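The structure appears right after this line, and notes come after that.
The values are calculated or read from the model by the stated rules, or taken from the named source; none is laboratory data. What you see is a predicted model, and the numbers here were worked out from it, not measured in a lab. Here the Cβ is made from the backbone with ideal geometry for all residues, glycine too, and neighbour counts use every protein chain on show.
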């Protein structure tokens with residue numbers, strides 16, 4: 001088995017309590033069973049994925065060719081002759097068997113507005129909205145933009161779009177009007193679906209006003225469908241704007257789904273490009289749906305009566321794959337949450353888990369850090385014993401956060417699955433399988449089926465063999481859920497993912513493979529700092545800084561240095577009530593020296609109020625690098641950050657504390 005030592009893997013076994021509370025048993029019997037299936041998925045992917053596609057998806061027309069193409073031209077394709085419909089796979093087939101089963105549990109920002117939707121009800125409402133879209137002139141292949149908060153109507157809208165063979169393009173309902181305009185124009189969206197307003201963390205979000213502003217310069221949009229969330233008065237354009245509740249009443253509760261080719265686009269999802277301009281990543285129907293269903297089933301150990309709570313917005317890939325497509329494809333129940341983890345207080349997640357008896361919980365370390373800082377008392381007052389699997393997503397989880405999650409949320413009786421994947425991969429590519437893979441705090445563990453991982457020497461471009469090694473993380477051959485292109489720019493797709501190391505998919509991340517073959521994600525390759533020939537992982541330096549009791553968050557970047565080639569610059573935000581001082585800066589430099597070594601000591605520690613983050617919680621180190629390199633004027637669009645004003649505050653703070661090169 002390539003790259004994974006056959007010796008017994010030294011990790012923490014799944015706690016016995018996981019099996020004691022299990023409704024049956026995990027889908028795989030043990031680690032050897034995983035190894036056997038993984039080996040088949042790499043050596044005979046056509047047989048493996050052909051069988052899996054028949055097992056997990058329903059096809060209107062079967063495929064005879066499982067896969068073709070490859071990384072050279074970016075022409076990979078899966079299940080070529082197959083035809084299917086995403087909406088049918090997520091709704092109809094489950095509604096036919098069990099119409100009264102709950103599909104969606106909606107926890108509203110204000111708990112009293114919460115509701116449940118069965119598979120039968122979902123099929124009727126999806127059909128009506130699909131009828132509305134057809135009446136608006138939307139046909140197969142058209143792009144429909146969705147700018148909705150995390151309410152059931154967001155999922156209903158996406159299912160209605162895919163039901164008629166159209167392509168959904170979700171824009172996170174927190175993005176500015178300018179970001180919305182750019183995405184709508186790039187995708188040439190014909191219709192946009194939004195709400196009058198949204199509710200988040202007790203505050204009102206003015207979604208319709210933002211849409212109106214964005215559409216001032218968006219000629220492709222012909223119609224706007226507006227769901228009434230608050231009932232407050234909003235601006236209205238007659239002939240363009242239509243109320244959801246008025247339109248759905250005109251249509252039948254059943255509309256036949258339109259079968260599409262396996263390789264027809266299912267959705268576009270925009271990610272921030274390294275140049276600052278967003279990329280519309282294209283996912284196709286057959287391969288993406290298979291990736292979502294398979295990873296949801298095996299990584300989270302989803303069984304028919306399970307209730308998955310993914311604390312992620314459908315504006316991001318996590319919400320697409322694990323709050324929406326994955327659980328519904330498997331006929332399970334998904335919890336979607338409109339609010340924030342801190343409203344009305346820091347026990348909101350745990351209240352939701354207890355209220356609905358969630359069996360799986362999936363969240364970003366960013367939120368866990370916030371909740372850890374708030375204190376255990378918010379967790380302790382809730383019964384979380386229904387949980388079996390705890391997932392982590394978005395960035396590597398630090399060992400101390402992993403331990404806190406395990407002890408205080410999981411009560412030491414859950415399987416923790418630290419998942420590694422990207423918008424472009426569609427679904428998990430490295431992750432422990434719940435109940436099967438021994439866990440190591442901080443490690444994403446082993447590759448998912450069909451993911452042929454390699455580590456590459458960034459200098460020579462050669463593959464690094466064996467274990468106990470580090471390099472650039474790449475993948476040797478295509479898997480079904482890989483994104484097929486960047487919308488309107490296949491050249492950009494090739495240059496970003498397939499050209500850096502020809503013959504491989506380039507993840508952009510560095511990783512280590514330990515003695516047991518477990519993978520440890522080191523962060524973006526451009527977040528590796530080379531100081532006097534020492535290649536330092538910024539994640540490692542950040543982890544050393546976070547161990548200091550005064551530090552809330554840390555981000556490290558490299559800056560050009562005449563003496564050492566590059567120097568380490570650390571940005572830290574302090575825990576509330578901790579004053580900044582030169583003494584503290586010195587302490588933090590010493591902390592890194594002690595933990596890692598003198599060569600890794602930051603040249604400067606810059607204390608800031610907050611760090612620039614995307615709305616999914618990722619720290620934008622690219623922005624920090626530009627600031628300390630004297631390139632603040634070329635940062636690009638910051639409206640996609642959760643708090644854009646933070647950038648100006650950091651620039652001012654850096655000016656005071658650090659001599660920026662001119």
Restricting attention to region 519-532, does a residue exist that is on the phi < 0 side of the Ramachandran plot, in contact (Cβ under 8 Å) with a residue 40 or more places away in the chain, outside any strand (DSSP E or B) and buried (at least 17 other Cβ atoms within 10 Å of the Cβ)? yes
Considering residues of region 450-499 that are under 19 Å from the mean Cα position of the chain (by Cα) and assigned to a loop (DSSP other than H, G, I, E, B) only, the residue farthest from residue 524 (Cα to Cα): 480
Matching residues in region 369-385 - criterion: being touching a residue at least 40 places away in the same chain (Cβ under 8 Å) and in contact with a strand residue (DSSP E or B) (Cβ under 9 Å, 6 or more places away or on another chain): 369, 373
Region 559-573, subset over 12 Å from residue 605 (Cα atoms) and touching a strand residue (DSSP E or B) at 6+ places or on another chain (Cβ under 7 Å), residue surrounded by the fewest Cβ atoms within 10 Å (Cβ to Cβ): 560
Can you name every residue in region 56-68 that is in contact with a strand residue (DSSP E or B) (Cβ under 7 Å, 6 or more places away or on another chain) and either assigned to a helix (DSSP H, G or I) or free of Cβ contacts under 8 Å to residues at least 60 places away in the same chain (or both)? 58, 59, 66, 68
Selected residue (only one of 80, 52 is more than 30 Å from residue 359 (Cα to Cα) and either under 28 Å from the mean Cα position of the chain (by Cα) or at pLDDT below 95 (or both)): 80
Selection count where residues are more than 24 Å from residue 106 (Cα to Cα), without any contact (Cβ under 8 Å) to a residue 60 or more places away in the chain and buried (at least 19 other Cβ atoms within 10 Å of the Cβ), scope region 196-223: 4
How many residues, within region 173-191, are buried (at least 24 other Cβ atoms within 10 Å of the Cβ) and either part of a loop (DSSP other than H, G, I, E, B) or in contact with a helix residue (DSSP H, G or I) (Cβ under 6 Å, 6 or more places away or on another chain) (or both)? 3
Taking residue 643 as meeting all but one of (1) under 16 Å from residue 573 (Cβ atoms); (2) part of a helix (DSSP H, G or I), write down the number of the exception. (2)
Test residue 368 against the stated conditions and say whether it is modelled with pLDDT under 95 and farther than 23 Å from residue 143 by Cβ. yes
(1) touching a helix residue (DSSP H, G or I) at 6+ places or on another chain (Cβ under 7 Å); (2) within 22 Å of residue 189 (Cα to Cα); (3) at pLDDT 95 or above; (4) part of a loop (DSSP other than H, G, I, E, B) all hold for residue 139 apart from (1)
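Residues to consider are 273, 287, 315; find the one that is surrounded by 24 or more Cβ atoms within 10 Å (Cβ to Cβ), in contact with a strand residue (DSSP E or B) (Cβ under 7 Å, 6 or more places away or on another chain) and at pLDDT below 95.
Checking each option against the conditions leaves just 315.
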Does any residue of region 231-250 turn out to be farther than 30 Å from residue 27 by Cα, modelled with pLDDT under 95 and not in a loop (DSSP other than H, G, I, E, B)? no
Scan region 144-157 and tell me whether some residue there is in a loop (DSSP other than H, G, I, E, B) and surrounded by fewer than 19 Cβ atoms within 10 Å (Cβ to Cβ). no
Return the pair list, or none, for Cβ contacts closer than 7 Å from residues in region 33-55 that are more than 24 Å from residue 330 (Cα to Cα) to residues that are at pLDDT below 95, at least 6 apart or on different chains. 39/1
Every residue in region 471-483 that is touching a residue at least 60 places away in the same chain (Cβ under 8 Å), within 18 Å of residue 500 (Cβ to Cβ) and touching a strand residue (DSSP E or B) at 6+ places or on another chain (Cβ under 6 Å), please. 483
Some residue of region 125-133 being at pLDDT 95 or above, in contact with a helix residue (DSSP H, G or I) (Cβ under 6 Å, 6 or more places away or on another chain) and under 29 Å from residue 349 (Cβ atoms): yes
